[in-house]
Amino acid sequence: MSIKLRGRSISSGIGEGEALVSKDAISFLGGVDAKTGVVIEKGHALEGKCIAGKVLVFPRGKGSTVGSYVLYQLAKNRVAPAAIINVEAEIIVAVGAIVSNIPMIDKLEKDPLAEIRDGQVVKVNGTEGTVEKE
């Protein structure tokens with residue numbers, strides 16, 4: 001049975017993949033290796049995990065505005081997430097997703113941190129502002 005949740009579209013496009021869920025905010029500058037897509041922030045819930053090709057689910061971004069450029073570098077290096085779902089987007093991640101063509105939505109009708117599990121296959125339609133999961 002497929003479940004569809006609605007949210008706010010931040011960056012258009014469609015991305016699908018296994019969910020990688022974190023209750024921690026993410027700083028892309030200094031928190032994610034732009035060459036490998038591996039989370040390198042010490043003590044982060046996703047430390048050591050690769051975000052490449054995943055649907056990255058986290059509350060919001062944090063840190064420097066250069067984080068937008070790191071997202072762009074992740075895309076150029078082909079190690080960006082397939083899509084991003086935030087509880088509430090902030091400008092750094094939103095701009096990074098838009099310039100990198102990474103589908104992104106936020107403000108889902110249900111809390112994505114409670115509704116989506118690690119490894120669950122999720123489809124994000126950033127154009128329509130929907131998330132589908134099994």
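Looking across the range 82-110, the residues that are open to solvent by less than 80 Å² (accessible area, probe 1.4 Å), assigned to a loop (DSSP other than H, G, I, E, B) and within 15 Å of Pro59 (Cβ to Cβ) come down to Val87, Ala89, Glu90, Leu108. The test for being touching a residue at least 60 places away in the same chain (Cβ under 8 Å) and in a loop (DSSP other than H, G, I, E, B) does not hold for Lys42.
Out of all the residues in the range 119-134, is one or more touching a helix residue (DSSP H, G or I) at 6+ places or on another chain (Cβ under 6 Å), assigned to a loop (DSSP other than H, G, I, E, B), small (Gly, Ala, Ser) and at pLDDT 95 or above? Write out each step before concluding.
Going through the range 119-134, the residues touching a helix residue (DSSP H, G or I) at 6+ places or on another chain (Cβ under 6 Å) turn out to be none.
No, the range 119-134 contains no residue that is touching a helix residue (DSSP H, G or I) at 6+ places or on another chain (Cβ under 6 Å), assigned to a loop (DSSP other than H, G, I, E, B), small (Gly, Ala, Ser) and at pLDDT 95 or above.
Here Ser12 passes the criteria (1) among the polar types (S, T, N, Q); (2) under 27 Å from Glu132 (Cβ atoms); (3) in contact with a helix residue (DSSP H, G or I) (Cβ under 7 Å, 6 or more places away or on another chain) except the one numbered (3). Among the criteria (1) surrounded by fewer than 16 Cβ atoms within 10 Å (Cβ to Cβ); (2) in a loop (DSSP other than H, G, I, E, B); (3) of a type outside the set (A, V, I, L, M, F, W, C), the one Lys4 does not fulfil is (2). Residues in the range 32-44: is at least one within 19 Å of Ile105 (Cα to Cα), surrounded by 23 or more Cβ atoms within 10 Å (Cβ to Cβ) and not charged (D, E, K, R)? Checking the range 32-44: not a single residue is within 19 Å of Ile105 (Cα to Cα), surrounded by 23 or more Cβ atoms within 10 Å (Cβ to Cβ) and not charged (D, E, K, R). Is it true that some residue in the range 113-132 is touching a Ser or Thr at 6+ places or on another chain (Cβ under 7 Å) and polar (S, T, N, Q)? There is at least one residue in the range 113-132 that is touching a Ser or Thr at 6+ places or on another chain (Cβ under 7 Å) and polar (S, T, N, Q). The combined condition, being over 11 Å from the mean Cα position of the chain (by Cα), of a type in the set (A, V, I, L, M, F, W, C) and open to solvent by 10 Å² or more (accessible area, probe 1.4 Å), is not fulfilled by Ile116.
The values are calculated or read from the model by the stated rules, or taken from the named source; none is laboratory data. Worth saying up front: this structure is predicted, and the values here are computed from it rather than measured. Heads up, the Cβs are rebuilt from the backbone with ideal geometry, glycines too, and the neighbour counts pull from every protein chain shown. Heads up: the accessible areas ignore ligands, DNA and RNA and are worked out on the full protein's heavy atoms, side chains in. Shrake-Rupley method; radii C 1.70, N 1.55, O 1.52, S 1.80 Å.
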